[in-house]
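**Student:** The structure is given below, and queries will be raised subsequently.
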Number of protein chains: 6
Amino acid sequence: MYTVCVRDHCMIAHSFKGEVFGPAQRLHGATYVVDVELRRPTLDEDGIVVDIGAAGQLLHDVLADLNYKNLDDEPSMAGVNTTTEYIAFEIFERMALRIRQGELGESGTKLTSMRVTLHESHIAWAAYESSLTPATLE
Amino acid sequence: MYTVCVRDHCMIAHSFKGEVFGPAQRLHGATYVVDVELRRPTLDEDGIVVDIGAAGQLLHDVLADLNYKNLDDEPSMAGVNTTTEYIAFEIFERMALRIRQGELGESGTKLTSMRVTLHESHIAWAAYESSLTPATLE
Amino acid sequence: MYTVCVRDHCMIAHSFKGEVFGPAQRLHGATYVVDVELRRPTLDEDGIVVDIGAAGQLLHDVLADLNYKNLDDEPSMAGVNTTTEYIAFEIFERMALRIRQGELGESGTKLTSMRVTLHESHIAWAAYESSLTPATLE
Amino acid sequence: MYTVCVRDHCMIAHSFKGEVFGPAQRLHGATYVVDVELRRPTLDEDGIVVDIGAAGQLLHDVLADLNYKNLDDEPSMAGVNTTTEYIAFEIFERMALRIRQGELGESGTKLTSMRVTLHESHIAWAAYESSLTPATLE
Amino acid sequence: MYTVCVRDHCMIAHSFKGEVFGPAQRLHGATYVVDVELRRPTLDEDGIVVDIGAAGQLLHDVLADLNYKNLDDEPSMAGVNTTTEYIAFEIFERMALRIRQGELGESGTKLTSMRVTLHESHIAWAAYESSLTPATLE
Amino acid sequence: MYTVCVRDHCMIAHSFKGEVFGPAQRLHGATYVVDVELRRPTLDEDGIVVDIGAAGQLLHDVLADLNYKNLDDEPSMAGVNTTTEYIAFEIFERMALRIRQGELGESGTKLTSMRVTLHESHIAWAAYESSLTPATLE
């Protein structure tokens, strides 16, 4: 199995609902350094998993929709706790949709799985990964 | 699959038995920077894998039993080579036991696998991972 | 010259005033991974710059006053842009005050300079450093 | 499952063929920081996955065949784009061959899988991983 | 003293002349992860050292002139060994010229020193730093 | 000013004397990831600060005298607390002596200062730096 990974980041504000979050129930924020790993079992005719420049640009575009925002005010995330693991899932879904729509070209459609990791500090990170089967991509 | 990871460290002395270890047969020591990854397929009702603060505290408590010690004198490790890979396994077992005993609450019982990684220098690390099936947790 | 450095982090929300900040004028947030370097020309009788455990605890306490907060609502920072470089200065001042008040003991009074670095992402950081002369410490 | 990982690096020149590579079609170069993860389900009688010193030396030897070279002139890579993901595969194959030939001793023959990761910058890496079944090792 | 730092990278090919370089006399290459630290004793009226977005863009532009090139063919570097320390100096000079020409605005003219660090692997880096006095900037 | 830096590591056991050390009074150990920065104001005729390969080898040799040892048994360190900051000083002295003895060649005698940094974990490090004046080198 081959993997390529690109890294970028975003900076957001948010708050959590629930006693388990303690002081994080207050409005605060985070820098998320985001790694997206893209996987397929074989390389394409150019010898790559996918155009890494295009992958980095796609990640940058997806993060631009979150960057410098207060997630508490995001209609698309209303009523959910925007925890690190949830945002990893959300970025996965947004990346998967745009890959399905062809933004990583023909090679992107051959990806079989993806993993999104969000580093929130030097001592904690969270990730979401899943297959990118045709069913998932449809 | 969702993952959360917490990091902490401990500093120990030990020696190894066996020609394969060369100069590491002498009494020496190591800093282990320890990453514990906790995994489950769905988030709980708070939108988390597990309380990350509680997970960090549990790791800290488990490492406190090893920290600032000479492992050659630890009764629980008598007769074994306390290699990096072995200590990864040992920390896994201690974490798994306390998770089974409820120290990470209800959400902790939904964890399906765990990975413990020990970074011993900038050029070497070792890990142990396994499922946390009910059988394992029982 | 000897230096010891301790690391911790905090997670805050804030917004900036001024066209130069572009989209960062919106309410957003950041994780700051904070390094505090403490310097003196000679070691004390124990062979240390300062008690590193106490230094880490002091940094943790100073960051606790900022952690999980919206800095736009902090009275002590009213009317200023809480940029990374400004917060580095602010943490320097708070650390210096408490060192002067004796929180790092006798050895702390022998420190001659300090540097506070805030890593805001994998591609950007800011720092403030200054001497800790008796005049500064008075 | 147990894993040990060793890290080393090499510095090479190369160029790519294909419009997808844009300016990387020109002769340029890269530092690859290489991580090799070696895995097996049980430890040997010494309590290790494999002699980590031998593993590091083997990686160093494999990289020595690539280090300080222009890969465009390497007969063994003629006609292929020496992308990061391809070189990860190539290093995997060379490591697997020498492990099969016994360079990591008896314990090396018990390895069940291997992963080779090449970090090409602070924002991009690629990897190749596969099982090391007896069929693969034969 | 305040510092802000931005990071970017470039990937180049080159060779060295001189027995001291051993195998690095052959055509090879490197990824340079480049940190540029910008310093001034006071913040501007916006509370910043300099517009960090503009600083990052300027570094990106300066590196674009080197990126994906064989430095042996660069007329501006003819007859010199393009060692890591030399390229650090070269990037310093190019940054200083464009800062002097106003590309970082009014605040850029208040910078008093700069440091350029090139990380060439996980075990080696080189840097060049100097004051940015009005004389230097003229 | 130019700087080159090389990195290596060593793994040692030791214990401390003094109440300030708390549990670290027990026999324990550490991995020290060691950075040595070498500085001079001008490059030599080859365009380098010093032969970086020779510098890395010298550091490796100096660390070999400490590696895999219990520092409590080292005659050269009898009666001192081998704290991180003290060992940084000790490595500085040993490096300086061998540079003075010519192990880094003619270019080594032009070095004007050196800094030795020991990373003992992901959250703490210590350093010692000093000039390498002719007086120091004599």
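The values are calculated or read from the model by the stated rules, or taken from the named source; none is laboratory data. Keep in mind that what you see is a predicted model, and the values were worked out from it rather than measured. Please note: Cβ atoms are built from the backbone with ideal geometry, for glycine as well, and neighbour counts cover all protein chains shown. Keep in mind that these areas ignore ligands, DNA and RNA; they rest on the heavy atoms of the full protein, side chains included. Shrake-Rupley method; radii C 1.70, N 1.55, O 1.52, S 1.80 Å.
**Student:** Determine the shape class of chain B: with a ≥ b ≥ c the square roots of the Cα gyration tensor eigenvalues, call it rounded for a/c under 1.5, and otherwise prolate if a/b is greater than b/c, oblate otherwise.
**Tutor:** Prolate.
**Student:** Could you tell me which of the pairs B:Lys17/D:Lys110; A:Lys17/A:Lys69; F:Lys17/F:Lys110 are separated by over 29 angstrom between their Cα atoms in the structure shown?
**Tutor:** Over 29 Å Cα-Cα: F:Lys17/F:Lys110.
**Student:** Using Cα pairs under 8 angstrom and six or more residues apart, how large is the relative contact order of chain A, in percent?
**Tutor:** 28 percent
**Student:** Specify the angular offset, from 0 to 90 degrees and rounded to the nearest 10, of the alpha carbon long axis of helix D:84-100 from the longest principal axis of the alpha carbons in chain D.
**Tutor:** Long axis of D:84-100 versus the principal axis of chain D: about 30 degrees.
**Student:** Indicate the gyration tensor shape class of the protein assembly as shown (rounded, prolate or oblate), computed on the Cα atoms with a ≥ b ≥ c the square roots of the eigenvalues: a/c under 1.5 is rounded; otherwise a/b larger than b/c is prolate and the rest oblate.
**Tutor:** Numbers: a/c = 1.06, a/b = 1.05, b/c = 1.00.
Rounded, since a/c falls under 1.5.
**Student:** Label B:Ser131 and C:Glu93 with points 7 Å out from Cα along Cα→Cβ: what is the distance between them in nm?
**Tutor:** 5.8 nm
**Student:** Follow-up. Between segment B:28-83 and segment D:1-74, how many Å separate their Cα centres?
**Tutor:** That distance is 30 Å.
**Student:** Under a point spin-label approximation (7 Å from Cα along Cα-to-Cβ), what is the B:Met1-D:Gln25 distance to one decimal in nm?
**Tutor:** Placing both labels 7 Å beyond Cα along the Cβ direction yields 4.1 nm.
**Student:** Sticking with this structure for a sec: Taking the label point as lying 7 angstrom from Cα along the Cα-to-Cβ axis, what are the distances from A:Asp65 to the corresponding position in the remaining copies, in ascending order and in nanometres?
**Tutor:** When each copy's label point is compared with this one, the spacings are 3.9, 4.1, 4.6, 4.6, 6.1 nm.
**Student:** What does the charge add up to near B:Arg98, with Lys and Arg as +1, Asp and Glu as -1, over the other residues with Cβ less than 14 Å from its Cβ?
**Tutor:** So the surrounding residues net to -4.
**Student:** Please report which chain C residue places its beta carbon nearest the axis carrying chain C onto chain B, with the distance rounded to a whole angstrom.
**Tutor:** C:Arg7, 6
**Student:** Also: Residue-wise, which Karplus ³J(HN,Hα) couplings in Hz belong to segment C:54-63, taking 6.51 cos²θ - 1.76 cosθ + 1.60, θ = phi - 60°, and x for glycine or proline?
**Tutor:** 5, 5, x, 5, 4, 4, 4, 5, 5, 5
**Student:** Roughly how far apart, in whole Å, are the Cα centres of segment C:107-121 and segment D:87-104?
**Tutor:** Their Cα centres are 47 Å away from one another.
**Student:** Would you mind listing the distances between the E:Leu97 label point and the same position in each other copy? Use 7 Å along Cα-to-C-beta, nm, one decimal, shortest first.
**Tutor:** Copy-to-copy label distances for E:Leu97: 4.7, 4.7, 4.8, 4.8, 6.7 nm.
**Student:** How much accessible area is lost when chains A and C come together, counting both sides, with a 1.4 Å probe, in Å² rounded to the nearest 100?
**Tutor:** By this definition, chains A and C bury close to 1900 Å².
**Student:** Can you tell me the relative contact order of segment B:1-76? Whole percent, Cα pairs under 8 Å, sequence separation 6 or more.
**Tutor:** Once normalised by length, the contact order is 44 percent.
**Student:** Charges only on Cβ, +1 for Lys and Arg, -1 for Asp and Glu: so what's the dipole of segment C:1-131 about the Cα centre, in debye to the nearest 20?
**Tutor:** Values: 11 positive and 20 negative charges, 47 e Å.
Charge dipole, segment C:1-131, about its Cα centre: 220 debye, nearest 20.
**Student:** Could you give me the ³J(HN,Hα) list for segment B:23-29, computed from phi with Karplus coefficients 6.51, -1.76, 1.60 and θ = phi - 60°, whole Hz, x at Gly and Pro?
**Tutor:** x, 6, 6, 6, 5, 9, x
**Student:** Per residue of segment B:117-132, what does 6.51 cos²θ - 1.76 cosθ + 1.60 with θ = phi - 60° give for ³J(HN,Hα)? Whole Hz please, x for Gly and Pro, Karplus curve as stated.
**Tutor:** The phi angles translate into 10, 10, 8, 9, 6, 6, 10, 7, 8, 9, 8, 10, 9, 6, 6, 10 Hz.
**Student:** Can you compute the helix-only [θ] at 222 nm over chain D? Use -39500 (n - 2.57) per DSSP H run of at least 4 residues, normalise by all residues, nearest 500 deg cm²/dmol.
**Tutor:** The helix contribution divided over chain D gives -8000 deg cm²/dmol.
**Student:** Using a Gaussian network model on chain B with a 10 Å cutoff between Cα atoms, which of B:Tyr128, B:Tyr86, B:Tyr68 fluctuates the most?
**Tutor:** In this elastic network of chain B, the residue with the biggest mean-square fluctuation among B:Tyr128, B:Tyr86, B:Tyr68 is B:Tyr68.
**Student:** What does the net charge come to around F:Ala127 if you take all other residues with beta carbon closer than 10 Å to its beta carbon, with K and R at +1 and D and E at -1?
**Tutor:** Working: positive: C:Arg39, F:Arg115; negative: C:Glu37, F:Asp35, F:Glu37, F:Glu85, F:Glu129.
Net charge in that neighbourhood comes out at -3.
**Student:** Next up: How much of the accessible area of the protein assembly as shown, in percent, comes from carbon and sulfur atoms when a 1.4 Å probe is used?
**Tutor:** Carbon plus sulfur share of accessible area: 51 percent.
**Student:** Could you name every residue in segment D:76-102 that has 10 Å² or more less accessible surface in the full protein assembly than in its own chain alone (probe 1.4 Å, ligands and nucleic acids excluded)?
**Tutor:** Flagged in segment D:76-102: D:Asn81, D:Thr83, D:Glu85, D:Tyr86, D:Phe89.
**Student:** What does the accessible area per residue of the protein assembly as shown come to in Å², with a 1.4 Å probe and no ligands, DNA or RNA counted?
**Tutor:** It amounts to 38 Å² per residue over the protein assembly as shown.
**Student:** Shifting gears a bit: Quick check: net charge around E:Ala24, other residues with Cβ under 13 Å of its Cβ, Lys/Arg +1 and Asp/Glu -1? Kindly include the intermediate steps, with their values, before the conclusion.
**Tutor:** Values: positive: D:Lys69, E:Lys17, E:Arg26; negative: E:Glu19, E:Asp72, E:Glu120, F:Asp46, F:Asp51.
Summing Lys and Arg as +1 and Asp and Glu as -1 gives -2.
**Student:** Mind telling me which of E:Ile91, E:Ile123, E:Ile52 comes out most flexible in a GNM of chain E, alpha-carbon contacts under 10 Å?
**Tutor:** Largest GNM mean-square fluctuation: E:Ile123.
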